[in-house]
1. All but one of (1) modelled with pLDDT under 95; (2) part of a helix (DSSP H, G or I) hold for T371; state the number of the condition that does not hold.
2. Out of the residues in region 23-55 that are small (G, A, S) and open to solvent by less than 10 Å² (accessible area, probe 1.4 Å), which is farthest from R242 (Cα to Cα)?
3. Need at least 1 residues that are buried (at least 20 other Cβ atoms within 10 Å of the Cβ) and of a type in the set (D, E, K, R) per element, so show me which helices (runs of 4 or more DSSP H) inside region 281-367 make the cut, counting only ones lying wholly within it.
4. Assess whether L150 counts as being within 23 Å of V34 (Cβ to Cβ), in contact (Cβ under 8 Å) with a residue 40 or more places away in the chain, assigned to a helix (DSSP H, G or I) and open to solvent by 10 Å² or more (accessible area, probe 1.4 Å).
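The values are calculated or read from the model by the stated rules, or taken from the named source; none is laboratory data. What you see is a predicted model; the values in this text were computed from it and never measured. Using ideal geometry, Cβ is built from the backbone for each residue, glycine included, and neighbour counts are taken over all protein chains shown. Side chains included, ligands, DNA and RNA excluded: accessible areas come from the protein's heavy atoms. Shrake-Rupley method; radii C 1.70, N 1.55, O 1.52, S 1.80 Å.
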Amino acid sequence: MDSAQAFLDNADDLTDLELAVLLSLVAQHHCMLVARDDLLDDLASELALIVRDVFGLSYIILDRDDLQSIKAFGSAILDDDSNEFDDVSHESDVDVESSGIPHSKLASVNFGAGSSSVVDHRKLDTRSVVNVIIAKDFNLAPEDVQIQALELIRKRRIYSRTTVHLAPTVFLLLPLVATSSKHIRLNKHLNDRIFMSHTHSPEDGFPNLEELDDAAISEDHDSTYSYSRSPSARRQQMIASRRIDAKLIEQLRAQGQAATITPEIRRYLQDVVAFLRMERGVDGGISPYGTTLFLALAKYLAPFHGINYVTPSLVALAAKKIYPHRIIMATPGRERSTQYGTDLASARDILNDLDPDKVIQNVLDTVECPT
């Protein structure tokens, strides 16, 4: 069976976070994830399991301490063994301890963000950047750290005191943002480079973490029975059946790039962009680069739905992923309608009921959809 068809047959089994990471890998761009404050640690751990088990990539989870300076940030994201993960590879076995805590080949085992080992400067520093950086509260990082991340995204390299460290071929930045602080925006240029954003609902849960906990409980329960199968082995079998390899990712990327978009759909997409720029409450953020990514995401979504062309519904879905973190909401004094007689109090009341998600939905409800 064709690998892409096999993927489509089992796509419904993927979680929202697995799909978000897969789409980011297919598009070769970065994704912001938003969750409730009390779920941010679990979100980081769930993403680490997905990155390691489903895609076979190296990762690091960064806490606030790792984001306090460029030096701390640079040291944390370097991995002595990351060259083994330059491409999506699933040849190595997954190591799961009896305690059920996932391990990576990084210094930060146990989902920590421990600092890299001390390098003997008499030897050549051959460390490389990990495949996936999972950065909690990245919107609260200092400006210079965010600029360093932007440079890493654009130039795919980072400097240490002794050498230049290159990012691998497969590289993702996944900034995690707490709901209570999402009004604190990333650096303007870094924010524009983030491909899409996804809000993780508590109802969607954390299936990989739950499976890991269940495996640990099952091991404790069955430990006295010599004939019982190790839950680690059972979990490895389950992981092996769900792994997504580089071949499939490349196939989905090629199919997305080749997806057909008719002049009518392209006009619809451009109308959405134009209406977003003029929509009440919007003060900016609809950039030309964002429009380029908007078109790209609409096309990349096509093979995920088993088609080779872009539909209006895919354009609408892409808009809901591309623009929530980009749209800058106006203050009452800058609300466009105040230029035509609306008083500040009325403008304030209007803006209190608006957020980027509502703005996008209002535009989608307004723009005439091609048939």
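1. So T371 meets the others, but not (2).
2. Step one: of region 23-55, the residues small (G, A, S) are 24, 27, 35, 44-45, 48.
With open to solvent by less than 10 Å² (accessible area, probe 1.4 Å) added as a condition, the list becomes 24, 27, 35, 44, 48.
Details: S24: 18, A27: 20, A35: 25, A44: 20, A48: 15 Å.
Per the criteria, the residue is A35.
3. Numbers: elements: 288-304, 312-322, 344-352, 356-366.
Filter on region 281-367 gives 288-304, 312-322.
4. Working: within 23 Å of V34 (Cβ to Cβ): yes; in contact (Cβ under 8 Å) with a residue 40 or more places away in the chain: yes; assigned to a helix (DSSP H, G or I): yes; open to solvent by 10 Å² or more (accessible area, probe 1.4 Å): yes.
For L150, the condition - within 23 Å of V34 (Cβ to Cβ), in contact (Cβ under 8 Å) with a residue 40 or more places away in the chain, assigned to a helix (DSSP H, G or I) and open to solvent by 10 Å² or more (accessible area, probe 1.4 Å) - is met.
Conditions (1) at pLDDT below 95; (2) over 25 Å from the mean Cα position of the chain (by Cα), marked per residue:
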{"residue": "I261", "(1), (2)": "no, yes"}
{"residue": "E264", "(1), (2)": "no, yes"}
{"residue": "R267", "(1), (2)": "no, yes"}
{"residue": "V282", "(1), (2)": "yes, no"}
{"residue": "F294", "(1), (2)": "no, no"}
{"residue": "H305", "(1), (2)": "yes, no"}
{"residue": "A318", "(1), (2)": "no, no"}
